[in-house]
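Structure record follows, encoded as structure tokens.
Just so you know, all these numbers are worked out from the coordinates, no wet-lab data involved. Fair warning: this is a prediction, and the values are worked out from it, not measured in the lab. A quick note on method: Cβ atoms are made from the backbone with ideal geometry, for glycine too, and the neighbour counts reach across all protein chains shown.
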Amino acid sequence: MSNARRPHYRSLLFVPGSQPERFNKAINSGDAVVIDLEDAVGPGAKADARRAVAAWLTPESRVLLRVNGNGTAWFAEDAKIAKLPGVAGIVLPKSQSAADVVALVSLTKAKIPIFPLIETAQGIWNALEIARAPFVQQLVFGTLDFIADMGIESDGEELDPYRAQLVTISRIAGIEAPVDGVTAAIDDVDRLITETMNGKRRGVGGKLCIHPKQVPLVNQCYAPSEIDVAWATRVLEASTNAHGAAISIDGKMVDKPVVLRAQQIVQLARMPL
């Protein structure tokens, strides 16, 4: 589906739905804040968390909401608040097939962007049909649950083939590049930078964060260099002045994919760190 005029998310910061005192502070962190009603909230606290989120939301909030997955006891009730003003998108955990997305859409009855979390072997097997489901904006790679499901021993380079698969699938489906999973080592700056740059080189479009101090580092990793911005500016200027004629920059043909890449670079350069 088309992504025109939709924001590009480099960093998505989780905040527990059971801790409403953190909402206002978190709202100023990250390109997007994800209020979490799933893993961060225990079974006995989910109803209270749902009420707290509903009471806090305003049309200006513009947060993402991670609901509990299809098939859980909380799915339907979470979907009710997911369509309230102020929810800019829904993160759908344990997405196994397009049917999970369709089930969410049928409950919300709202045209709201959906971010399916790919966390299992079944989910990655069906990732293309999930990516093509209604209102899907970006796939999100739930790396920690994925390695547990797959029996993989590390969340390092062993996951790169699956990242590449999600990048390719997203491209085929015509949606935004996927969001990578968290770096659980909150205080390990070098690891955060290494993992973020690893994803970026492979075409990943953003990263989940679990602490506010991770956000500026992730955003900085995704910021284009001055050289890239200068190149992109030249491409766009030449394309505009060409009026449809064939052009080249630095001896290389400039076609539609090159122009689109230049537009992406300029867009990223304009985003605050």
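Quick notes on this one:
- Every residue from the range 91-137 that is of a type in the set (F, W, Y) and touching a residue at least 12 places away in the same chain (Cβ under 8 Å): F115, F135
- For the range 165-215, a tally of residues being more than 18 Å from L139 (Cβ to Cβ) and crowded, with 21+ Cβ neighbours inside 10 Å returns 4.
- Within the range 219-234, the set of residues being surrounded by 14 or more Cβ atoms within 10 Å (Cβ to Cβ) and either touching a Leu at 6+ places or on another chain (Cβ under 7 Å) or polar (S, T, N, Q) (or both) comprises N219, Y222, A223, P224, T233.
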